[in-house]
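Report on one structure; see the data block that follows.
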Amino acid sequence: MRMATRPVTTPLGRLGTRTPGSSGCYATRRAHALHALPTTSSSADTLRRRTSVTVLPAHNYGPCSRRGVVRRAVEGQRDQVPVETDSRGLTRLVLRKEGWQFWECTLPGEDKPRRLHYVQAGDSGPPIILVHGFGASAYHWRYNIPELAKNHRVYAPCLMGFGWSEKAVVDYSEGKVWVEQLRQFISSVVGAEEPVVLVGNSLGGFAILATAGQYPELVRGLVLLNAAGDFDETRPSTDAPTVDSPALPTAVYFEGLIEWFKRTLISLSFQFSKQPLRIKQVLNMVYVNEESVDEALIESIAYPAEDANAAEVFYRVISQAGTSGVTMNTLFSRIRAPVLLLWGSQDPWVVPARADRMQELYPADRINLANAGHCPHDDLPEEVNAAITKWVSDLA
């Protein structure tokens, strides 16, 4: 018997149809064998409650279904994490345009809560939080969530301004908004009964370092994958004349024009960089395994960029990045948790010498990944998953 379907409406728009009771999985173009990992509710109380798993029979879930789908769901919950097997035999999340789970975060000084997104899998074991980099989303951990969830409760939030999270027009300088987001996420979604392991790639590495420095009691360990951030010795010079300097007597007059010009350039850069072909070109520059740069990954980056506020967020993050007074030197001086550096050796942006400098600042463990680039967790997921699993299990 074919089940009735109904339109699905999300904050990002109308996305086709969903069968009542289904998870609304997003159908990619290539056929894969699908199964699903159990998740728990976004409620902190429900997250802490252990529930039984019910196996649901495969059936038609409407236009985004596939034959032979084996689904599992936490009893009483409709949220699921569908996974698929790729052409290499690796298990990964199925891309869902409507996203996975949502929660609300109220920033200091604001009355209106912000709607933020995350993926959660695994219902037992020490918690791990995976934090993506600039322009990416929770889906960038597609190969890591299913594997790590075998022994851990795994959470992958979309940072505010990225992915399926609200494109909030706020101050992004120094990453303070992301530190507050992660603090509230740990407290209200994960549950603060035990400290968490934070795993961050690129910009996400900066965000988790800042969080661990400000809230050390929440953090059990840090895993940095090609983490981004300036060092004291590499910061842009602050000796340039300011708008109040006699060296620039007409600077105030031209300040508005300069700001308009900068905004225009960044806006044009955003319009160009969000095109699927350009996204693929950039990813191929920083990935070693070209098979990982597939249609699903490109779409997961391009789709959220269509949000009405995406260009403004892009401008704010880019233009405010250089105003940060927080360097890696400062961040490492504030933390006290164990650190593992997982470094893609073929990263043209955050080169291995930066990992060398981090080890001079802090006694971190390190694993070099010779066949990975800027995003080793997606470029070389099997080795990264094994390294994270072993390192976390060895933590005292």
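The values are calculated or read from the model by the stated rules, or taken from the named source; none is laboratory data. Note that this is a predicted model, so its numbers are computed, not measured. Positions of Cβ are generated from backbone atoms using ideal geometry, with glycine treated the same way; all protein chains shown enter the neighbour counts. All accessible areas refer to the heavy atoms of the entire protein, side chains included, with ligands and DNA or RNA removed. Shrake-Rupley method; radii C 1.70, N 1.55, O 1.52, S 1.80 Å.
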If R0 is 22 Å, what FRET efficiency do you get for Asp232 and Met285 from their C-beta distance, rounded to 0.05? 0.20
Spacing of the two label points (7 Å from each Cα toward its C-beta) at Glu194 and Ala370, in nm: 3.6
How much length, in nm to one decimal, is gained on full extension between Arg278 and Arg183, taken as 0.36 nm per residue of separation minus their Cα-Cα distance? 30.8 nm
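Residues of the range 303-396: accessible area per residue at 1.4 Å, in Å²?
Roughly 44 Å² per residue, with all protein chains present.
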The answer for Val223, listing residues at least 5 apart or on another chain whose modeled amide H is closer than 5 Å to its amide H, is Leu198, Val199, Gly200, Leu340
A student applying the Cα gyration tensor rule (rounded when a/c is under 1.5; otherwise prolate if a/b is larger than b/c, oblate if not) would label the range 266-396 oblate
Taking amide H positions as placed 1.01 Å from N in the peptide plane, with prolines and chain starts having none, which residues 5 or more places from Val288, or on another chain, fall under 5 Å of its amide H? Gly373
Provide the gained length on full extension for the span Lys112 to Ser124, in nm with one decimal, where the gain is 0.36 nm per separating residue minus the Cα-Cα distance. 1.0 nm
Sorted on mean Cβ neighbours within 10 Å (highest first), peptides 162-174, 368-380, 107-119 come out as 368-380, 162-174, 107-119
Distance (nanometres) between label positions extended 7 Å along Cα→Cβ at Ile318 and Glu360: 3.1
